[in-house]
1. Mind checking whether some residue in the stretch 152-166 is outside any helix (DSSP H, G or I), in contact (Cβ under 8 Å) with a residue 12 or more places away in the chain and either of a type outside the set (Asp, Glu) or surrounded by fewer than 18 Cβ atoms within 10 Å (Cβ to Cβ) (or both)?
2. Let me confirm something: among Val115, Val90, Val94, Val124, which residue is assigned to a helix (DSSP H, G or I), modelled with pLDDT under 95, closer than 30 Å to Tyr184 by Cβ and among the aliphatic types (A, V, I, L, M)?
3. Would you please name the residue that is surrounded by the most Cβ atoms within 10 Å (Cβ to Cβ), looking only at residues in the stretch 167-213 that are out of contact with any helix residue (DSSP H, G or I) (no Cβ under 9 Å at 6 or more places or on another chain) and not in a helix (DSSP H, G or I)?
4. Do you know which residues across the stretch 128-147 are in contact (Cβ under 8 Å) with a residue 24 or more places away in the chain, hydrophobic (A, V, I, L, M, F, W, C) and part of a helix (DSSP H, G or I)?
5. Do the conditions hold for Ile86, that is, is it of a type in the set (Val, Ile, Thr) and either surrounded by fewer than 18 Cβ atoms within 10 Å (Cβ to Cβ) or closer than 14 Å to Ile72 by Cα (or both)?
6. Looking at the stretch 130-144, is at least one residue surrounded by 21 or more Cβ atoms within 10 Å (Cβ to Cβ) and within 24 Å of Phe82 (Cα to Cα)?
7. Of the residues in the stretch 97-112, how many are outside any helix (DSSP H, G or I) and among the hydrophobic types (A, V, I, L, M, F, W, C)?
Amino acid sequence: MLEDITTEQIKHKFQSNKTLKLVTIGVGILIAGVLAYFVYRQFMWKPANEKSKESYWAGLNYADMDSTDMAIDELKRNTKKFDGKIGGEVSQFVYASQLMKKGEFKKAIAELEGVDISDTYVSVMSIGLQADCHSELEDYEKAANLYLEAADANQNDLTTPMYLFKAGLCAEEIKNIEKAKECYVRIQDEFPSFASQKQIKKYIARVSSKIIE
């Protein structure tokens, strides 16, 4: 039967059937799009992404040398050049930290909110730095919420108790004593080493006395 179907018949069927025509065109566009994306990822995005990983070292070196203004200039340029790539996102993170050093907390928050990176440590620290900025701006309620978000984003013995502790201090600032105690008790129960270093029992005793009052 197939050999009875001529090229002209196929052509006529295609032209007369609008649905078939639209689906065929749609599939063609989809395939072309997938191929274009594959070519872009393999031959353009990947090399650029790899190159971006080396790009933030100059800015990072300036930051390490406390050359804040030079670090800001370098990292700001790099953030824009490699936006969306690993190097650009890391640059934006470090750039924000340098803005914080200059006391430009609102600008730092805006940059940190734009950091989009899969690295768990950087993403958690980005939330934590946003909380630090809000704390510096005396927006303690926002800071406390962000510290708790950072604490739970990736639970570990390093960042989780640190952010719980900061959340507790901010909760005290806004007189949310119950929340502060909850943070301190969690540190005592789950992170005994950190609790010992910070003498967390004193903080629990302090907020407990306020609850009694």
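1. Looking through the stretch 152-166, at least one residue is outside any helix (DSSP H, G or I), in contact (Cβ under 8 Å) with a residue 12 or more places away in the chain and either of a type outside the set (Asp, Glu) or surrounded by fewer than 18 Cβ atoms within 10 Å (Cβ to Cβ) (or both).
2. Val124
3. Going through the qualifying residues, I end up with Gln199.
4. Selection gives Leu129, Ala131, Cys133, Ala143, Ala144.
5. no
6. yes
7. Total meeting the criteria: 0.
Here's the yes/no breakdown for (1) out of contact with any Pro (no Cβ under 6 Å at 6 or more places or on another chain); (2) free of Cβ contacts under 8 Å to residues at least 12 places away in the same chain; (3) over 14 Å from Ala153 (Cα atoms):
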residue	(1), (2), (3)
Ile86	yes, no, yes
Val90	yes, no, yes
Ala96	yes, no, yes
Ser118	yes, yes, no
Val122	yes, no, no
Ser126	yes, no, no
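The values are calculated or read from the model by the stated rules, or taken from the named source; none is laboratory data. All figures in this text were calculated on a predicted structure; none of them were measured in a lab. Methodologically, a virtual Cβ is constructed for each residue, glycine included, from the backbone with ideal geometry; neighbour enumeration extends over all protein chains shown.
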